[in-house]
1. Give me the residue from the stretch 53-97 that is of a type in the set (S, T, N, Q) and in contact with a Gly (Cβ under 9 Å, 6 or more places away or on another chain) and, out of that set, surrounded by the most Cβ atoms within 10 Å (Cβ to Cβ).
2. If a residue must be hydroxyl-bearing (S, T, Y) and buried (at least 19 other Cβ atoms within 10 Å of the Cβ), how many such residues does the stretch 113-133 contain?
3. Taking the conditions exactly as written (part of a loop (DSSP other than H, G, I, E, B) and either modelled with pLDDT of 90 or more or polar (S, T, N, Q) (or both)), does K131 satisfy them or not?
4. Does any residue of the stretch 124-136 turn out to be touching a Lys or Arg at 6+ places or on another chain (Cβ under 6 Å), under 17 Å from L156 (Cα atoms) and of a type in the set (G, A, S)?
5. Restricting attention to the stretch 64-102, which residues are modelled with pLDDT of 90 or more, farther than 17 Å from E113 by Cβ and in a strand (DSSP E or B)?
Amino acid sequence: MNVKQLIGIVVVVIAVFFGIPTLWGSFYTVDSGQKAIVKTWGAVSDVVGDGIHFKIPFAQSIEKVDVRTKKAHTPAGAGSKDQQKVATEVSVNYHLNAEKLKEIYTKTGLDVEDRLIDPRIQEVVKAVVAKYTASELLSMREGIRNEIDAELKESLTPYNIVVEAVQITNFDFSEQYNAAIEAKQVSEQNALKATNDLERIKIEAQQKIALAEAEAQTIRIQSEAVRAQGGKEYVQLKAIEKWNGELPTYTGNGPVPILNLK
């Protein structure tokens, strides 16, 4: 075996040793819910969907992107219309426009939460909260959520970010304002209790008056009945009807009353 043959064998071995893994590594899989950005010599050349694909060794590289729904959770400080400090927490469900991945990648990059979503949430929340008083923020929560939702959709659509839903997870105010709200609620509860107590007293008084009137009416009717039946004789007759036949027992020196049975 001469030198040329030996060199040829070495070349073949090296080609096989490195070629097979390189060729095998040129195939890649994109899962469902993903897209793959194909870059040729560093420039975006294509975007492919799920399945098995081939890339040109050394010339092309792949970056997989999740295009399913994600959630961004952002705290945002704001001031209400009546100058109350409001700490707001907003959650946004969103996904990237899969048809615009090439544009997203080249213009803003894929780190959209830190670069785009979080700043827009804070801007929108500050603008919307400033339109309402603190009490309105609590009583009109759903309407305010809808307004923030609409503003965020309008703000993020130009960046090919699709806002699916917005949730306001919390409205929190200063300790002083919370204490004032609690004091107001206690005052309202005490006032309601006082009103209820007054109403109860009135009802009880009316019941006592009605009872007294009924008792007076009963006494009047009984008196009229007694007079109608002969007065004193009628009372004695009723006493005889109730007598059990035994004389009452008395102690002391006083005279024993004698019932007139005639």
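1. T88
2. Within the stretch 113-133, the subset hydroxyl-bearing (S, T, Y) is 132-133.
Pick out the ones that are also buried (at least 19 other Cβ atoms within 10 Å of the Cβ) and you get 132.
Counting residues in the stretch 113-133 that are hydroxyl-bearing (S, T, Y) and buried (at least 19 other Cβ atoms within 10 Å of the Cβ) gives 1.
3. On the way: part of a loop (DSSP other than H, G, I, E, B): yes; either modelled with pLDDT of 90 or more or polar (S, T, N, Q) (or both): yes.
Here the answer is yes, as K131 does meet what is asked.
4. No, because not a single residue in the stretch 124-136 is touching a Lys or Arg at 6+ places or on another chain (Cβ under 6 Å), under 17 Å from L156 (Cα atoms) and of a type in the set (G, A, S).
5. Of everything in the stretch 64-102, just one residue is modelled with pLDDT of 90 or more, farther than 17 Å from E113 by Cβ and in a strand (DSSP E or B), namely K64.
The values are calculated or read from the model by the stated rules, or taken from the named source; none is laboratory data. What you see is a predicted model, and the numbers here were worked out from it, not measured in a lab. So basically every Cβ, Gly included, is an ideal-geometry build from the backbone, and we count neighbours across all protein chains shown.
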